[in-house]
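Before any comments, here is the structure.
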Amino acid sequence: MSKLHAIVIGAGFTGVAIAHDLALRGFAVTVVERGPIVNGTSGRTHGLLHSGARYAVNDQESAIECIQENQILRLIVPDAIEPNGGLFIGITDEDMAYREKFMEGCAACGIPITELSPKEALRLEPNLNPKLQTAFTVPDGTFDPLRLALAFAASAKANGTVFHLYTDVVDLLTDGQGNIVGVKAWDRAADKRFDIQGDIVVNATGAWVGHITSMAGISVPITPTPGVMVAYDKRLTQRAINLLNKPGDGDIVLPQRRMMVVGTTSFTIEDPDYVPVYEDHVQLMIERGSNLIPALRQTKERGAYMATRPLIGASAPGRSISRTFKAYDHKETDNVEGLVTITGGKATTLRLMAEKTVDLICKKFNLTIPCTTAETPLLSYRKFYVN
Amino acid sequence: MSEEKWTVKFVIFRKKGDQPARYDSYVLEVDPEEYVIDGVERIWAFHDRSLIFAHACHHSTCGACGMRVNDVEKLTCITKIRDVTTNGGTLKIEPMRNFPIIGDLVVDMTRMYAAMDRVHAKAVHPLSAAPLEGEDIRPPRDVPRNNGNEYLRLADCIECGLCISACPVAGTAENYLGPAVLAAAQLQGLKHNPDLLDVVDCADGLWRCHSAYECTAVCPSNVDPGWRIMDLRRQVVGERLKRWFVKA
């Protein structure tokens with residue numbers, strides 16, 4: 001029997017992880033992406049490899065996913081990660097009121113934390129706000145978004161996956177009865193148009209899933225939720241620094257190479273294709289960031305950017321929506337065969353999102369092939385370019 | 001960002017497959033505090049969906065968005081429009097040189113990745129091998145430690161290819177390893193990585209460099225390849241002498 005052919009739309013984190021998982025489970029895989037690897041939300045991530053502690057009070061499902069995936073990614077893709085850990089620091093009495101809940105939440109989710117005295121914390125990270133009252137170590141990390149994605153893409157490619165970059169999906173191919181049997185593609189590098197037939201089409205376009213599902217006349221309840229991040233031109237800590245409080249704007253400051261990155265804000269929009277970086281959001285980042293690390297105020301801005309998260313759920317604003325991802329088989333939800341949509345989630349859980357999506361696809365085809373991505377080290381990201 | 005608005009003409013290099021190359025102009029209203037990549041992305045979003053360009057992180061950690069801006073190599077996500085043109089001025093945007101063009105502003109950087117692989121360039125360094133402060137390349141005396149272990153951090157070199165595009169030698173010698181690659185070899189040191197000696201000590205290795213220092217001038221990421229190539233030459237001469245004496 002010839003291999004089943006899966007077409008994955010989107011080469012963001014979800015798309016490349018799904019391509020890798022599908023290829024390992026024996027599918028022939030074609031990835032179609034309108035830009036380069038991770039040009040949308042994934043590339044413009046903050047870069048925090050979450051320990052899960054940020055969600056340990058309000059969203060324990062996310063927190064548990066994060067700590068498990070954090071430990072897996074450290075093992076399978078070491079060449080894109082700064083594995084230096086993180087700190088949650090409490091400065092005000094209001095922050096301190098969150099301390100008990102934080103400790104209980106981390107214990108419930110299996111996230112290892114250690115409380116430090118202010119003196120110990122300042123010895124580890126001398127640039128922290130000297131008014132801090134407490135600090136907890138957490139197993140956070142920082143990752144390079146492009147190289148993380150390229151490691152998955154390189155491994156997928158080594159197992160036969162074909163990548164069509166700079167190629168738009170302009171329409172879905174149907175069998176005449178509304179079922180999806182492939183995609184119509186436009187390669188913008190060569191200005192060529194062609195069709196790709198497949199046994200299953202996987203819509204892994206994140207905040208853009210609606211663009212694809214609308215081609216099949218169906219919709220998925222996601223809210224494109226952008227946030228602004230600002231990079232500063234000096235590395236002031238070795239660890240990721242988080243505010244010990246419920247998640248809010250500008251409460252994470254990350255080291256990355258020689259920079260610090262502060263994020264993020266959160267608002268909702270209709271069309272994610274282009275969202276400007278708003279000046280007031282940039283101002284807010286320096287204010288909130290310098291609450292954690294005062295020396296940021298003396299540091300030059302290096303870059304400011306915006307990324308649009310795909311949050312699940314249609315109505316409620318930003319952060320209150322669950323951050324967990326969903327995979328939809330449109331046969332079940334809309335009686336359209338041949339199309340699966342995956343959206344939601346976060347960078348740290350990319351591998352798990354792929355596992356669940358490919359489980360669902362295997363079930364559709366009555367296959368029982370176990371997922372092996374958690375145990376399979378990824379190739380170097382450079383192998384995406386070099387054979 | 002600011003309230004200020006400028007009108008800027010973007011003149012963009014275009015090339016599709018076998019079709020002849022051309023330049024397309026787009027007049028945009030911009031905030032001078034915006035970055036060049038923001039303007040390029042807006043041209044794609046609102047003016048011409050056929051444009052292709054490379055980009056990912058938008059804050060200089062990934063190295064994807066290197067281009068030539070008014071004839072100078074720039075990482076466009078950290079290049080403010082204010083710093084490269086004026087109100088009413090022009091921004092000529094072209095793909096990097098010395099790499100094959102995939103289309104429009106996108107080039108194929110396989111040449112560089114393959115060479116980085118040959119010298120086993122590290123993507124993640126211990127902090128002591130990649131010091132943060134000061135111009136001195138040697139590690140500072142007090143490298144902070146993480147419970148007795150070394151901190152690790154992502155390498156300075158983001159493999160953007162700007163140094164290879166700017167290098168006057170890389171254009172005439174397609175097998176030349178190139179500045180980023182020689183800098184990666186220097187950073188590891190021949191003393192601890194003797195197998196690198198034969199890779200760099202050859203006609204297409206560090207002797208091809210003409211010391212133009214264009215690489216150092218355009219590097220957006222504190223690598224200083226020009227200095228590193230000169231230091232690598234000292235290392236090579238030292239290793240050769242040592243081997244000559246050992247043989248004798």
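The values are calculated or read from the model by the stated rules, or taken from the named source; none is laboratory data. Quick caveat: nothing in here was measured; it's all calculated off a predicted structure. Please note: Cβ atoms are built from the backbone with ideal geometry, for glycine as well, and neighbour counts cover all protein chains shown.
Search region B:199-241 for residues being among the hydrophobic types (A, V, I, L, M, F, W, C) and touching a Gly at 6+ places or on another chain (Cβ under 7 Å), and hand back the single one that is nearest to B:Arg118 (Cα to Cα). Even if it seems obvious, please write down each step before you answer.
We begin by selecting, within region B:199-241, every residue among the hydrophobic types (A, V, I, L, M, F, W, C); these are B:199-200, B:202-203, B:206-207, B:209, B:212, B:215, B:217-219, B:223, B:227, B:229-230, B:232, B:236-237, B:241.
Then drop every residue that is not touching a Gly at 6+ places or on another chain (Cβ under 7 Å), which leaves B:199, B:215.
Numbers: B:Val199: 8, B:Cys215: 20 Å.
Among them, the one singled out is B:Val199.
Being small (Gly, Ala, Ser), more than 10 Å from every other protein chain (Cβ to nearest Cβ) and on the phi < 0 side of the Ramachandran plot is the filter here; which residues of region A:152-200 pass it?
Matches in region A:152-200: A:Ala153, A:Ala154, A:Ser155, A:Ala156, A:Ala158, A:Ala185, A:Gly198.
Whether any residue in region A:129-150 is on the phi > 0 side of the Ramachandran plot, surrounded by fewer than 24 Cβ atoms within 10 Å (Cβ to Cβ) and part of a loop (DSSP other than H, G, I, E, B) is what I want to check. Lay out the reasoning, then the answer.
If we filter region A:129-150 for residues that are on the phi > 0 side of the Ramachandran plot, which is where we start, we get none.
Within region A:129-150, none of the residues are on the phi > 0 side of the Ramachandran plot, surrounded by fewer than 24 Cβ atoms within 10 Å (Cβ to Cβ) and part of a loop (DSSP other than H, G, I, E, B).
Only residues that are within 14 Å of chain B (Cβ to nearest Cβ) and either of a type in the set (Asp, Glu) or in a helix (DSSP H, G or I) (or both): list them for region A:362-387, please.
Scanning region A:362-387 gives A:Tyr381, A:Arg382, A:Lys383, A:Phe384.
Tell me the helices (runs of 4 or more DSSP H) entirely within region A:1-108 that contain at least 1 residues that are in contact with a helix residue (DSSP H, G or I) (Cβ under 7 Å, 6 or more places away or on another chain) and touching a residue at least 40 places away in the same chain (Cβ under 8 Å). Talk me through it step by step, then tell me what you get.
On the way: elements: A:13-24, A:60-76, A:93-97.
Because the criterion is at least 1 residues that are in contact with a helix residue (DSSP H, G or I) (Cβ under 7 Å, 6 or more places away or on another chain) and touching a residue at least 40 places away in the same chain (Cβ under 8 Å), the helices (runs of 4 or more DSSP H) in region A:1-108 that meet it are A:13-24, A:60-76.
Table: residues versus (1) more than 14 Å from B:Val106 (Cβ to Cβ); (2) within 11 Å of chain A (Cβ to nearest Cβ); (3) in contact (Cβ under 8 Å) with a residue 60 or more places away in the chain; (4) in a helix (DSSP H, G or I).
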{"site": "B:Lys16", "(1), (2), (3), (4)": "no, yes, yes, no"}
{"site": "B:Glu29", "(1), (2), (3), (4)": "yes, no, no, no"}
{"site": "B:Ile43", "(1), (2), (3), (4)": "yes, yes, no, yes"}
{"site": "B:Glu73", "(1), (2), (3), (4)": "yes, no, yes, no"}
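In region A:1-15, how many residues are in contact with a strand residue (DSSP E or B) (Cβ under 8 Å, 6 or more places away or on another chain) and within 16 Å of A:Val209 (Cβ to Cβ)?
Summing the residues that are in contact with a strand residue (DSSP E or B) (Cβ under 8 Å, 6 or more places away or on another chain) and within 16 Å of A:Val209 (Cβ to Cβ) in region A:1-15 gives 7.
Can you tell me which condition B:Arg49 does not meet? The list is (1) among the charged types (D, E, K, R); (2) part of a loop (DSSP other than H, G, I, E, B); (3) touching a residue at least 12 places away in the same chain (Cβ under 8 Å), and all the others hold.
Of (1) among the charged types (D, E, K, R); (2) part of a loop (DSSP other than H, G, I, E, B); (3) touching a residue at least 12 places away in the same chain (Cβ under 8 Å), only one is false for B:Arg49: (3).
Take A:Thr225 and tell me if it is touching a strand residue (DSSP E or B) at 6+ places or on another chain (Cβ under 8 Å) and within 12 Å of another protein chain (Cβ to nearest Cβ).
no
Hey, can you tell me all the residues within region B:205-248 that are away from every other protein chain (no Cβ under 14 Å) and outside any helix (DSSP H, G or I)?
Our first condition is that a residue be away from every other protein chain (no Cβ under 14 Å); within region B:205-248, this holds for B:205-218, B:225-248.
Result: B:Gly205, B:Cys209, B:His210, B:Ser211, B:Ala212, B:Tyr213, B:Ala248.
Restricting attention to region A:138-151, report how many residues are facing chain B (nearest Cβ under 9 Å) and either among the aromatic types (Phe, Trp, Tyr) or over 14 Å from the mean Cα position of the chain (by Cα) (or both).
As a first pass, look at region A:138-151 and keep what is facing chain B (nearest Cβ under 9 Å): A:142-147, A:149.
Subset that is either among the aromatic types (Phe, Trp, Tyr) or over 14 Å from the mean Cα position of the chain (by Cα) (or both): A:143.
Total meeting the criteria: 1.
Just checking, which of A:Ala121, A:Ala56 is in contact with a strand residue (DSSP E or B) (Cβ under 8 Å, 6 or more places away or on another chain) and either among the aliphatic types (A, V, I, L, M) or modelled with pLDDT under 95 (or both)? Quick ask: steps written out before the conclusion?
Details: A:Ala56 fails: in contact with a strand residue (DSSP E or B) (Cβ under 8 Å, 6 or more places away or on another chain).
Just a single option satisfies the conditions, and that option is A:Ala121.
Quick check: is even one residue across region A:224-234 assigned by TED's automatic domain parsing to the domain that holds A:Gly289, within 24 Å of B:Gly63 (Cβ to Cβ) and surrounded by fewer than 20 Cβ atoms within 10 Å (Cβ to Cβ)?
yes
Any residue in region B:184-196 that is among the basic types (Lys, Arg) and either in contact (Cβ under 8 Å) with a residue 60 or more places away in the chain or part of a helix (DSSP H, G or I) (or both)?
no
Which residues, counting only those in region A:269-291, are in contact with a Ser or Thr (Cβ under 9 Å, 6 or more places away or on another chain) and buried (at least 20 other Cβ atoms within 10 Å of the Cβ)?
A:Pro272, A:His281, A:Met285
Evaluate the following for B:His55: is it at pLDDT 95 or above, part of a loop (DSSP other than H, G, I, E, B), within 9 Å of chain A (Cβ to nearest Cβ) and farther than 14 Å from B:Gly161 by Cβ? Don't jump to the end; show me each part of the working.
Values: at pLDDT 95 or above: yes; part of a loop (DSSP other than H, G, I, E, B): yes; within 9 Å of chain A (Cβ to nearest Cβ): yes; farther than 14 Å from B:Gly161 by Cβ: no.
No; evaluated as a whole, the condition is false for this residue.
Only residues in region B:94-110 that are touching a residue at least 60 places away in the same chain (Cβ under 8 Å) and farther than 19 Å from B:Pro168 by Cα count as the first member; pair them with residues that are of a type in the set (A, V, I, L, M) and in a strand (DSSP E or B), Cβ under 9 angstrom, at least 6 apart or cross-chain, and list the lot.
B:Asp104/B:Ile12; B:Leu105/B:Ile12; B:Leu105/B:Met67; B:Leu105/B:Ile93
Considering only residues that are hydroxyl-bearing (Ser, Thr, Tyr) and under 24 Å from B:Ile102 (Cβ atoms), look in region A:151-186 and name the one that is surrounded by the most Cβ atoms within 10 Å (Cβ to Cβ). Step through it out loud before you land on a result.
Here is the first cut: in region A:151-186, the residues hydroxyl-bearing (Ser, Thr, Tyr) are A:155, A:161, A:166-167, A:174.
Retained after the next criterion (residues that are under 24 Å from B:Ile102 (Cβ atoms)): A:155, A:161, A:166-167.
Numbers: A:Ser155: 28, A:Thr161: 23, A:Tyr166: 23, A:Thr167: 26.
Of everything passing the filter in region A:151-186, A:Ser155 is surrounded by the most Cβ atoms within 10 Å (Cβ to Cβ).
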